[in-house]
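*Asks:* What follows is a structure written as structure tokens; I'll ask about it next.
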Amino acid sequence: MQIAYFKSAKKLITGNGAVSTLKDELSRLGVKRPAVITDKGVSRSGGLSLITDQLQPNSFLVYDDIPPEPEISVIENCVAELRGKDVDGIIAVGGGSAMDSAKVLAVSMGHNGKISALFGENNVSSRDIPLIAIPTTAGTGSEVTNIAILSDPEDQLKKGIVSEYLLPDVAIVAAEMTVSCPANVTAASGIDALVHALEAYLSVNASAITDALAIKAVTMIYPALPKAFANGKDLEARENMATGSLLAGLAFGNAGVGAVHALAYPLGGRYHLSHGMSNAVMLPHVMKANAEVSRERFVDIASAMKLEIQGHSTEDIVAQVLDAIEKICRDVEIPATLKHFGIPEQDIQTLAVEASKVTRLLRNNPRKLTVDEIEEIYRQAF
């Protein structure tokens, strides 16, 4: 077995009611004037009161101007807003966009250079203030990963910042924080969580630990997502999604993701398609391409999905997995084609070239894809 390293937030707090521990964690970390980083949707939903009710009046700031798929300028504006206001801690509350923004903000408060200089791996030198992450969607896993994604409008591409300093001090994963999540966001983020689990399991960097996490995530997410989508107040389904997403985040945060994400990045950067939706529309087609080199692993995935495998050939089991992936996307009303989003067919070749440059992710993929093969996957998705 090759040497494997495992990264996560320093402390995980999970379960219904877990958000009530925030006040104690802030005290433990010595945070007296935190900034709550979130978005307008969370702010307007009323769910933010579960956070702010635990804070001393006039002792915190709320910054809720984080948009979907944030660009570099979002972080620059936030840094400018918060500097000089004695902020000594960051609380990230929201989906992937809010949490990723908060993670970059936490390391940028003490960084005097351009934020664009942080893109890539290990370009962050420090983080001076504590960071607590509280997800309001079950999908991104950002609360336990050392990765943050921002859109670079100049290159029309999503780019990643990868650093140990992005790992939160505390991740609080509580189902009650996801109840107000809209159905369409539940669907896109939920499929994103499934992508994380599947890509981590197929990754060339998979280990015994990430395998266990990824497979358990599939067993929880696959049956729970349609239920959470159909009834957002189903706390059992929400709890299973929250935990499944967390497990998937721990898996991909260490094994990495692959071609689904790599092909999704240009869709978000060029057309502002949400991260979850980009991954969801590409998932069935990339999985089909990867099936050629990962057949035995597809059998394990089929078992986790509780598909009928007894007496079936490996080829038939692979086909069942691919059908099951397409079915769950239909069940939660994910559009099946790039055409649905108005993406021009003549852009496909450009998309393929752009995706081929996302080598940080493509190197994790079980099948090494050429530009022509990537282009063919896009055409199948069109």
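The values are calculated or read from the model by the stated rules, or taken from the named source; none is laboratory data. These numbers come from a predicted model, not from an experiment. Every residue, glycine as well, gets a Cβ built from its backbone with ideal geometry; the counts of neighbours run over all protein chains shown.
*Asks:* Considering only segment 125-154, how many residues are crowded, with 24+ Cβ neighbours inside 10 Å and in a loop (DSSP other than H, G, I, E, B)?
*Replies:* 7
*Asks:* Looking at segment 1-120, what strands (runs of 3 or more DSSP E) fall wholly within it and have at least 2 residues that are crowded, with 18+ Cβ neighbours inside 10 Å and touching a helix residue (DSSP H, G or I) at 6+ places or on another chain (Cβ under 6 Å)?
*Replies:* Where strands (runs of 3 or more DSSP E) fall fully within segment 1-120 and carry at least 2 residues being crowded, with 18+ Cβ neighbours inside 10 Å and touching a helix residue (DSSP H, G or I) at 6+ places or on another chain (Cβ under 6 Å), they are 34-37, 89-94.
*Asks:* Only one residue in Ser49, Ser20, Ser45, Ser8 is within 13 Å of Met177 (Cα to Cα) and touching a residue at least 60 places away in the same chain (Cβ under 8 Å), so which one is that?
*Replies:* The unique qualifying residue is Ser45.
*Asks:* Just checking, how many residues over segment 47-70 are farther than 16 Å from Ala133 by Cβ, modelled with pLDDT of 90 or more and under 19 Å from the mean Cα position of the chain (by Cα)?
*Replies:* 1
*Asks:* Considering only residues that are at pLDDT 90 or above and of a type in the set (Val, Ile, Thr), which ones fall in segment 1-46?
*Replies:* Ile13, Thr14, Val19, Thr21, Val31, Val36, Ile37, Thr38, Val42
*Asks:* A further question follows. Looking at segment 184-202, is at least one residue in a loop (DSSP other than H, G, I, E, B), of a type outside the set (Phe, Trp, Tyr), at pLDDT 95 or above and more than 19 Å from Thr137 (Cβ to Cβ)?
*Replies:* Within segment 184-202, not a single residue is in a loop (DSSP other than H, G, I, E, B), of a type outside the set (Phe, Trp, Tyr), at pLDDT 95 or above and more than 19 Å from Thr137 (Cβ to Cβ).
*Asks:* When the residues of segment 165-182 are narrowed to those that are at pLDDT below 95 and part of a helix (DSSP H, G or I), which ends up nearest to the chain's Cα centre (by Cα)?
*Replies:* This residue is Thr178.
*Asks:* Is it true that some residue in segment 248-255 is of a type outside the set (Phe, Trp, Tyr), over 22 Å from Gly94 (Cα atoms) and in contact (Cβ under 8 Å) with a residue 40 or more places away in the chain?
*Replies:* Checking segment 248-255: at least one residue is of a type outside the set (Phe, Trp, Tyr), over 22 Å from Gly94 (Cα atoms) and in contact (Cβ under 8 Å) with a residue 40 or more places away in the chain.
*Asks:* Oh, and also: All but one of (1) under 21 Å from Thr137 (Cα atoms); (2) at pLDDT below 95 hold for Glu308, so report the exception by its number.
*Replies:* (1)
*Asks:* Okay, next question. With the requirement that a residue be β-branched (Val, Ile, Thr) and under 21 Å from Glu143 (Cβ atoms), what does segment 245-298 give you?
*Replies:* If the condition is that a residue be β-branched (Val, Ile, Thr) and under 21 Å from Glu143 (Cβ atoms), then Val257, Val260 are the ones that fit.
*Asks:* Considering only residues that are surrounded by fewer than 22 Cβ atoms within 10 Å (Cβ to Cβ), of a type outside the set (A, V, I, L, M) and in contact with a Gly (Cβ under 8 Å, 6 or more places away or on another chain), which ones fall in segment 161-181?
*Replies:* Matches in segment 161-181: Glu176, Ser180.
*Asks:* Glu154 passes all but one of (1) more than 14 Å from Gly253 (Cα to Cα); (2) touching an Asp or Glu at 6+ places or on another chain (Cβ under 9 Å); which number fails?
*Replies:* Tallying (1) more than 14 Å from Gly253 (Cα to Cα); (2) touching an Asp or Glu at 6+ places or on another chain (Cβ under 9 Å), Glu154 fails exactly one: (2).
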